[in-house]
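Structure record follows, encoded as C-alpha cells.
Each value in this text was obtained by applying a stated rule to the coordinates, not by laboratory testing. If you're wondering where the values come from, they're calculated on a predicted model, not measured in any experiment. We place every Cβ from the backbone using ideal geometry, glycine too, and count neighbours over all the protein chains shown.
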Amino acid sequence: MIDQQEKLLAQLGFRFGINGPHAARTMMLDELRILLAHVPTDATRANYAAAVMNGNLLGKPTKKARELSLRHLTTLYGLDPSNPIFRALRRLWPLEEAAQPMLALSVALARDPLLRGSQAFFLAHAPGAIVTRESVTAFLRSSYPDRFSPASLKSFAQNVSGTWTAAGILAGRVRKIRSIPWVCPEVMAILLFLGYLEGRTGQRLFSSGWISLTGNSLDELEALANSASHRGLLVFMNAGGVKEVRFPDYLTPEEERIRQEASHVV
C-alpha cells in the first residue's frame, strides 16, 4: 500500500521517485530568497515563471540557465499556490528571516528524494562530530551503486553537504562539523505541518522524522509549538499530556480529505 500512500501524498505536494535537483544543485536558498522577496505573495505559477524567464530576476546569463534554475526551483519548492506545502512555505517565509534556511530545507526534503535519502546519514552524527567529504561520498556511492560517475558523485556529495550546511545542521566551510540548527516557532510550524500532511496527529507529530531535524527535547518542542500557537501559526493544545495540533485555513476541504485518506493507508 506504500504506492497508494505516495500517490495521495503527491497530491498534497510531496515528491517521490529516484531523481531530484540535488544531483545538480543545492537547495538554492539564495535564489529562493530573491524570488520570494520580489514576487507577490498571491502570485500564480505563471507569475513565478515569468519573473525568472522574462524578467531574469535571478540574473542568469543565458536562457538555458534561466530554464534550469526555474526547473530546479519548481521541483524543490513547487512555486504553485495550489500546492499546500508551498502555500505553507509562502505563509511562513516572511515572518522570520532567520527561519528561512530551515523552512527551505524542510520543503526541499519533502520534494527531493535524493536529499531526503541523505537525512538519516547526516542526523546520525552526534553534535560536534566531524563529517568528512569522504564519508559523504562513500555513503552516496553505497546508496546509489553504479548510478553516478565519479565526477557526478563528487558534485552530488558537495550539493547535499552544501544544503545541510546552509540549514545549520552542518557548520564549517571545508571541515564540516555536525551542528544543531536554530529552531523558532515558524520552523516548528512547518515541521508539524509536514507531519500532519502525512496523517500524524497528537503526540505522534512530535516524534516524526521532520521533528528529528531539530535536535530539541520534548519540553523544548512543546514550548515552540505553544509559541507558534500564540502567534497564530497553528492551534496547539496540551492538557494532561494529551496533545492536539490543528492547522486552520492551511488546507482546502478536498486536501483535508486526501490527508485523512492517506493517514488510513497501511
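A few remarks follow.
- Cα-Cα P(r), region 197-245, percent of pairs per 5 Å interval: 5, 20, 32, 29, 14, 0
- According to the calculation over all Cα-Cα pairs in region 117-178, the P(r) per 5 Å bin from zero is 4, 19, 33, 25, 13, 6, 0 %.
- FRET efficiency, 1/(1 + (r/R0)^6) with R0 41 Å, evaluated for Thr132 and Leu95 via beta carbons: 0.70
- Longest site-free stretch - the chain; sites: trypsin sites (Lys or Arg not before Pro), DSSP loop, at most 15 other Cβ within 10 Å: 1-146
- Cβ-based net charge around Trp93, under 11 Å, with every Lys or Arg adding one and every Asp or Glu removing one: +1
- Across the chain, the mean sequence separation of Cα contacts (distance under 8 Å, 6 or more residues apart), normalised by length, yields a relative contact order of 23 percent.
- Counted charge near Glu222, where neighbours are those whose Cβ lies closer than 13 Å (Asp, Glu -1; Lys, Arg +1): -2
- Residue-by-residue Karplus 3J(HN,Hα) for region 38-47, coefficients 6.51, -1.76, 1.60, Hz, glycine and proline x: 10, 9, x, 5, 9, 5, 8, 4, 5, 5
- Neighbour counting of Cβ atoms within 10 Å sorts the residues Ile34, Ile211, Ile2, fewest neighbours leading, into Ile2, Ile34, Ile211.
- Net charge in the neighbourhood of Pro61 (other residues with Cβ under 15 Å of its Cβ; Lys, Arg +1, Asp, Glu -1) is +2.
- Dividing the helix sum by the residues of the chain, where each DSSP H run of 4 or more adds -39500 (n - 2.57), gives a mean residue ellipticity at 222 nm of -15500 deg cm²/dmol.
- Reduced Cα scattering model of the chain, Debye log10 I(q)/I(0), q = 0.16 Å⁻¹: -1.33
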